Amino acid sequence: MKTTIAAASALILLTACETMPTDAPLIASAALKPLKGSKTFGEVTFEQVGNKVRVVAFVQNLKPGEEHGFHIHEVGDCSSDDGMSTKGHFNPFGKRHGHYNTPDRHVGDLPSFKANKAGRANVQIELDQLSLRPGPGNIIGRGVIVHAGPDDYKTDPTGNAGARIACGVIRLN
């Protein structure tokens, strides 16, 4: 009887594996939590779309009407109250800080976003260089930071975006 149950269980598992999609999309997310002195929070999702990653962010409790820098940082560690435990921008190719639409930039350089009257902002963009697949541009386990000020897209290495006000760690879903 035990052999029959074991064989039936194995058959069910094999059948389930055969019907699971092998081309399931790679999706990751980061829950943004406020850092010291901030009430900013939100969610960022990342989806591998061919050789690009679609980034969708919804952020709340920002200063209404103000622009905020937004970056992927080297380390997925939000344990420090100022967000400095995430270290610098994710930059595996050793480039200077720059605009997110140029090839010469940190992989972690993302677009700034502007809060509406209610203090909410969102951004949706597809970017090259970052990846959810293995390789040098892989962002899994990295930190995501929202900054108090806008990114000037030129000051190296930070973009002069000011204090870190929200932090999250990118994890595969």
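Values in this text are rule-based calculations from the coordinates and carry no lab data. Everything quoted here is computed from the prediction, not taken from an experiment. Methodologically, a virtual Cβ is constructed for each residue, glycine included, from the backbone with ideal geometry; neighbour enumeration extends over all protein chains shown.
Pairs of lysine residues in the range 25-172 that meet both criteria, 8 or more places apart or on different chains and Cα atoms under 14 Å apart, total 4. Sequentially through the range 72-85, phi angles give Karplus couplings (6.51, -1.76, 1.60; θ = phi - 60°) of 9, 10, 4, 10, x, 9, 9, 6, 7, 6, 9, x, 5, 5 Hz, Gly and Pro residues having no value and appearing as x.
Along the axis of the charge dipole computed for the range 50-98 (Cβ charges of +1 for Lys and Arg, -1 for Asp and Glu, origin at the Cα centre), the listed residues 75, 58, 90 are led at the positive end by 90. If you take every residue apart from residue 171 with its C-beta less than 14 Å away from the C-beta of residue 171, what net charge results, scoring Lys and Arg +1 and Asp and Glu -1? Spelling it out: positives minus negatives among the neighbours equals -1.
Under the criterion of Cα pairs below 8 Å and six or more residues apart, the relative contact order for the range 25-172 equals 33 percent. Modelled label positions at residue 123 and residue 56, each set 7 Å beyond Cα in the direction of Cβ, lie 1.7 nm from each other.
Comparing 112, 80, 29 in a Gaussian network model of the chain, where Cα atoms under 10 Å apart are tied by springs, the biggest mean-square fluctuation is seen for 80.
About the centre of its Cα atoms, the chain shows a dipole size close to 300 debye [charges on the beta carbon of Lys, Arg (+1) and Asp, Glu (-1) only; nearest 20 debye].
Build a GNM of the chain with springs between Cα atoms under 10 Å apart, and of 23, 77, 109 the one that fluctuates most is 23.
Cβ-to-Cβ counts within 10 Å put 75, 107, 144 in ascending order as 75, 107, 144, the fewest first. Values (1) -0.48, -0.77, -1.18; (2) -0.42, -0.81, -1.37; (3) -0.54, -0.84, -1.20 are given for comparison; log10 I(q)/I(0) by the Debye sum over Cα atoms at q = 0.11, 0.15, 0.19 Å⁻¹, derived from the coordinates here, is the one labelled (1). Around residue 150, what is the net charge, scoring Lys/Arg as +1 and Asp/Glu as -1 over all other residues with Cβ under 9 Å from its Cβ? Result for the neighbourhood of residue 150: -3. Estimated from the Cβ-Cβ distance and a Förster radius of 35 angstrom, the FRET efficiency linking residue 43 and residue 101 is about 0.90.
Of the residues 37, 69, 149, the one that moves most in a GNM of the chain with alpha-carbon contacts below 10 Å is 37.
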